[in-house]
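Asker: This is the structure I want to talk about, given as structure tokens.
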Amino acid sequence: MVNTLEELKQESDQYDLRIKTIVVAVDLSPHSEKTAAYAASIARCFGASVTLVHVAAPEPISEFGTSESYETFEEERRAKERALAGLLENIRETCPSCYRELRIGDPAEEVTRVAQALSADLVITASRHPDFLSRLFGFNLAQRILHRLSCPLLVYYEPTT
């Protein structure tokens with residue numbers, strides 16, 4: 001069993017693991033901040049780059065086409081872009097080669113598209129152990145991403161105290 005990041009690096013050398021590109025799905029919560037920091041530590045061990053991906057919901061469709069709903073949507077998008085940029089700066093200390101992507105649409109589909117476009121070697125996402133109804137209705141993002149990927153998926157879990 002691997003206990004430290006240094007042991008992970010030694011084991012990767014032994015088995016010729018090559019991780020050069022890591023995609024991290026983030027929802028901009030405190031838990032995803034920890035997930036991004038964890039991913040940056042792994043990236044540092046492998047000399048890999050990290051791309052943080054946040055996927056926002058599409059603009060709601062308005063029957064009357066009011067500019068107010070568009071302005072609200074744009075404000076939210078800009079706020080998410082700023083939060084994503086801030087998260088990127090936080091992990092840049094650990095992993096200088098990091099990037100960000102803000103996408104609009106279905107999170108599982110968009111994370112998978114980014115991973116495929118970058119030829120990602122690893123995708124990392126967070127998990128909070130969803131309840132029964134979330135699993136039943138397919139709201140578990142990690143599971144939905146897993147079924148679309150052609151590379152390994154690491155699910156970062158931090159128990160709540």
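Asker: Using Cβ counts within 10 Å as a stand-in for footprinting exposure, how do Val155, Val24 rank, fewest first?
Answerer: Details: Val155 16, Val24 32.
The order, fewest Cβ neighbours first, is Val155, Val24.
Asker: Can you sort Thr112, Thr72 from fewest to most other Cβ atoms within 10 Å of each residue's own Cβ? Don't skip to the end; give the middle numbers.
Answerer: Details: Thr112 24, Thr72 13.
Sorted ascending by nearby Cβ count, the order is Thr72, Thr112.
Readers should treat all values here as calculations from the given coordinates under stated rules, not as data from a laboratory. Just so we're clear, the structure is a prediction, and the values are computed from it rather than from any experiment. Positions of Cβ are backbone-derived with ideal geometry, glycine not excepted, and every protein chain shown enters the neighbour counts.
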